[in-house]
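The values are calculated or read from the model by the stated rules, or taken from the named source; none is laboratory data. Computed from a predicted structure; not experimentally measured. A quick note on method: Cβ atoms are made from the backbone with ideal geometry, for glycine too, and the neighbour counts reach across all protein chains shown.
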Amino acid sequence: MTTTTPSKAAAAADYLDQRTGIGVVVKNFARKVFPDHWSFLLGEIALYSFVVLLITGFFLTMFFVPSMGLTTYHGPVTAMDGQLMSDAFASTLRLSFEVRGGLLMRQIHHWAALLFMAAIVTHMLRVFFTGAFRKPRELNWIVGCVLMILGLAAGFTGYSLPDDVLSGNGLRITDGVVKSIPIIGSYMSYFIFGGEFPGEHIIPRLFSMHVMVVPALILSFVAIHLLFVVLHKHTQYPGGGRTDKNVVGFPLFPVYVAKAGGFFFIVFGVLALMGATMAINNVWNYGPYDPSPVSAGAQPDWYMLFLEGSLRLMPGQAEVVIGGFTLSLNILIPAVVIPGLLFTFLFVYPFVEARVTRDDREHHVLDRPRNVPVRTGLGVAFLTAFIILAVAGSNDLIATHFHMSLNSITWALRVLLFVGPVITFWITKRICLSLQRKDRELVLHGHETGKIVRFANGEYIEVHRPLTEQERWLRVNFDAHKPLVIEPAEDSRGVRRKGYKQDVRWQKLSRFFYEDRVEPVRPSELHTAHGHDELESESSPAELHS
Amino acid sequence: MSELKTNSSDVTTTSEDRFTDPGIPAHKERMGDTDPAAAKRAERQSSALFTISIIGTIVALVVYFAIRPGDSVASVRTANFALGISIAFALLGIGLGAIHWAKALMSDHEIAEERHVLKSSDEDRTGALEALEAGVKDSNIGRRTVLKGSVVTALGLFPLTIAVPLVSSVGNDWNVSKFRHTLWEKGKRLTTDPAGRPVKASELTVGSVVHIIPEVSDEERKSGEWITEKAKAVVLLVRLDPKDLKESEERKSWSYDGIVAYSKICTHVGCPVALYEQQTHHLLCPCHQSTFDVANGAKVVFGPAKRPLPQLPITVDDEGYLVAQSDFTEPIGPSYWERLK
């Protein structure tokens, strides 16, 4: 047995290689090196929850009936026995209560969708704050942004499928938002609903988007995303021996086959645990969609909260009538302009930063967030705006839970949406600069040891222990970028240069980024520091002790 | 800040004046690397985890066949819990086992791999350009402008054969003027939602609120179109103390003895406005908290809506039942571009 197995494997490998030439691929990939860090797992969680979504989603399609045809329900949910409802809702009840394991699959599917979006967002935060979007990965950042939007689309189309009261009201809001689009709004609404809201077409339409178009797009973009990761090789955190010219870590086979493969089962396992123990979207409590009832305290899935909050915060006065035509700025601004601005920021940021840094080198070593204070500040400001909007999407729950006035909460959040990001930007930038100064301090003077030494002349000093080479390298190995220097407005002959004004604008933006900066310590400085105060040097404590 | 900057600019920033990379940190031995007993222990732990997974799978299958959910929501919950937990064990056992194996037993010596610049070599780039140029030359596209024009036009036009039928059918009849009309008409009785019982003015006490739909036959209510009509026609009926009611001159005749009827569809984005507060006569939309004053023409007092809720003119018929005087006099629900046209 033991002697035949390898030869069988070798024969199989030979058969395959003669027909595919896979040998080259295996040779190049088996020992491909990936760096290790917990934050690199965030993207993996997104990928694995997507796989879980495909598995459980396939299960659900076997039993779900995407139709708005009416049927009379008879089944275990006694409260709804004999009620007229859509096939979609009735089949959701059936696959939850009469298909064994169906409820579990539905709950895992919904939790996986929430985790998918959460993992995408946190993965994007990691990439943003560590500057992993810099050259050569700008295009992959764009692919990632598209994936995030596709994730929103998948969530939105899936959420509405059970045709329950909550999701139906979500569609009703969508209809209201679509109708607010100038000129073509009413026609867009007909385009989506196949006539008037809700009509009889929307569920089958959402279904084909949800099970075919959106997943196919996500799969293709995931493929591009991963292809880029292989092409670029993974980024790595700064540290000894890690440079822009190498990648330090462990080989794909066997370490990451075991670790990443195992991690898939952990993600799936945790989702199974959630599906087993935490009920989600109990549509039988809401009932089938009916345009009349709505329950208070209804919330969309978390990733839609920011849009909901944006709609809630906008004062109604913004709706105007121009020449007899209604322009619903009270809906357009929160539902189209604000998300548009947020997404635009994400899409263009890598290019803006590269421009103000005048940086066209390849970067494979990640930034420590403190070393790029303005980027970190902008990221936190963005996050602040997103969180304030999401909180606004729950303003009614905050009001009822904390017994506060809904109106004052709404007003406070309206103000905070503008003030909050500015404040958090400023605080974050200051914290980053302080951390950088702390780094300098550490490199120049070493760790405090708590040992106090008294000299013969009565002077007291504290002994400092210098940093190890690795500790120091982590704190000095970065570039403190300077604002752009531009060519003068006129050349030597006094002729005005084209594009000067534009350069000045970029320079201003560049100053905003890099005016305040803390330079890394240089060996000469360290030398001077030691010269000034010899007692802090390495040899001093020993001498003093003796 | 500025002090730090002057500091650094004093220093000559030559490329030599930088610290050197200390290289990859020394490898730290794990317990299993030095102690064979520890390695053996880790191996046993990993296999124990895989065994837990095997047990989990078996239990899941047993649970699937053994626990048959009955006819109640609670029994389905129990079956769901038992099945989910055993599947979770089956999965987590594999995951934790594999990772423990990788972390404790596989080599953890870091390897450095060279990166290569992504851009192709100059040779390849020239080669690519030459290939493209040769191709363009072979196709002769530069000279044959008619050919070029016709192929572009053909490719550009073809998608219309799919897009036109799709777009023209997908919006049904594209008759957007349907937004303007609801089932309400002169003499149509107001009935309760969902029972469909006609409402007499005399049975409403001051402060009472009734959710209203137009009177329709049972067959109509079982048809597929009903939900769309209902989505436009739902009304909230409120009886106020006539003293509290502020009415404009032209709408004085639209109410009946302190009873007013307003469209239940929010003028913001169309949620049903269903939360009525008796003390203040305020009607709150639970979706985005637009607040309307029922005592004062359902005008907006707070929130993202701009316009008041449309009012349904009502009166009573010979038998004392509440009826509509006409359809709404303006389109109900969210605003749209040609709403006032």
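Is it true that some residue in region B:58-73 is part of a helix (DSSP H, G or I) and aromatic (Phe, Trp, Tyr)?
Yes, the conditions are met somewhere in region B:58-73.
Could you tell me how many of the residues in region B:240-280 are surrounded by fewer than 24 Cβ atoms within 10 Å (Cβ to Cβ), at pLDDT 95 or above and either closer than 24 Å to A:Arg312 by Cβ or of a type in the set (D, E, K, R) (or both)?
Matching residues across region B:240-280 total 1.
Each row is one residue, and each column tells you yes or no for (1) in the same structural domain as B:Leu204 (by TED's automatic domain parsing); (2) in contact with a Leu (Cβ under 7 Å, 6 or more places away or on another chain); (3) assigned to a loop (DSSP other than H, G, I, E, B); (4) small (Gly, Ala, Ser).
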{"site": "B:His268", "(1), (2), (3), (4)": "yes, no, yes, no"}
{"site": "B:Cys287", "(1), (2), (3), (4)": "yes, no, yes, no"}
{"site": "B:Ala295", "(1), (2), (3), (4)": "yes, yes, no, yes"}
{"site": "B:Arg307", "(1), (2), (3), (4)": "yes, no, yes, no"}
{"site": "B:Thr315", "(1), (2), (3), (4)": "yes, no, no, no"}
{"site": "B:Glu330", "(1), (2), (3), (4)": "no, no, yes, no"}
{"site": "B:Pro334", "(1), (2), (3), (4)": "no, no, yes, no"}
{"site": "B:Leu340", "(1), (2), (3), (4)": "no, no, yes, no"}
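If I filter region B:25-43 for residues that are more than 39 Å from the chain's Cα centre (by Cα), within 7 Å of chain A (Cβ to nearest Cβ) and either over 23 Å from A:Phe265 (Cβ atoms) or at pLDDT 95 or above (or both), do I get at least one hit?
Of all residues in region B:25-43, those more than 39 Å from the chain's Cα centre (by Cα) come to B:25-43.
Imposing the further condition that a residue be within 7 Å of chain A (Cβ to nearest Cβ) reduces the set to B:25.
Those left that are additionally either over 23 Å from A:Phe265 (Cβ atoms) or at pLDDT 95 or above (or both): B:25.
Yes - at least one qualifying residue is present in region B:25-43.
Would you kindly identify the helices (runs of 4 or more DSSP H) lying entirely within region A:121-215 that contain at least 3 residues that are farther than 30 Å from B:Lys230 by Cα and among the hydrophobic types (A, V, I, L, M, F, W, C)?
In region A:121-215, A:138-159 are the helices (runs of 4 or more DSSP H) which contain 3 or more residues that are farther than 30 Å from B:Lys230 by Cα and among the hydrophobic types (A, V, I, L, M, F, W, C).
Among the residues of region A:285-314, write down those that are crowded, with 16+ Cβ neighbours inside 10 Å, facing chain B (nearest Cβ under 7 Å) and in contact (Cβ under 8 Å) with a residue 12 or more places away in the chain.
Selection gives A:Pro291, A:Pro293, A:Val294, A:Ala298, A:Leu311, A:Arg312, A:Met314.
Based on what the data block shows, is A:Ala258 over 30 Å from B:Lys119 (Cβ atoms), hydrophobic (A, V, I, L, M, F, W, C), within 8 Å of another protein chain (Cβ to nearest Cβ) and outside any loop (DSSP other than H, G, I, E, B)?
yes
Test each condition in (1) surrounded by fewer than 24 Cβ atoms within 10 Å (Cβ to Cβ); (2) within 14 Å of another protein chain (Cβ to nearest Cβ); (3) within 26 Å of A:Pro334 (Cβ to Cβ) for B:Gly297 and report the one that comes out false.
Answer for B:Gly297: the failing condition is (2).
Has region B:161-178 got at least one residue that is in contact with an Asp or Glu (Cβ under 6 Å, 6 or more places away or on another chain), surrounded by 10 or more Cβ atoms within 10 Å (Cβ to Cβ), under 30 Å from B:Pro214 (Cβ atoms) and not polar (S, T, N, Q)?
Taking every residue of region B:161-178 in turn, at least one turns out to be in contact with an Asp or Glu (Cβ under 6 Å, 6 or more places away or on another chain), surrounded by 10 or more Cβ atoms within 10 Å (Cβ to Cβ), under 30 Å from B:Pro214 (Cβ atoms) and not polar (S, T, N, Q).
Can you pull out the helices (runs of 4 or more DSSP H) entirely within region A:359-474 that have at least 2 residues that are within 28 Å of the chain's Cα centre (by Cα), modelled with pLDDT of 95 or more and surrounded by 15 or more Cβ atoms within 10 Å (Cβ to Cβ)?
Those helices (runs of 4 or more DSSP H) span A:373-392, A:406-445.
Cβ-Cβ below 6 Å, separation at least six or inter-chain, first residue in region A:505-532 and more than 26 Å from B:Thr20 (Cβ to Cβ), second part of a helix (DSSP H, G or I) and not basic (Lys, Arg): which pairs?
Every condition considered, the pairs that remain are A:Leu509/A:Val356; A:Ser510/A:Val356; A:Phe513/A:Val356; A:Phe513/A:Val374.
For region B:227-281, what are the residues that are within 29 Å of A:Pro334 (Cα to Cα) and more than 14 Å from every other protein chain (Cβ to nearest Cβ)?
B:His281, the sole residue that qualifies.
Among the residues of region A:371-407, which ones are free of Cβ contacts under 8 Å to residues at least 12 places away in the same chain and within 11 Å of chain B (Cβ to nearest Cβ)?
A:Ala399, A:Ser405, A:Leu406, A:Asn407
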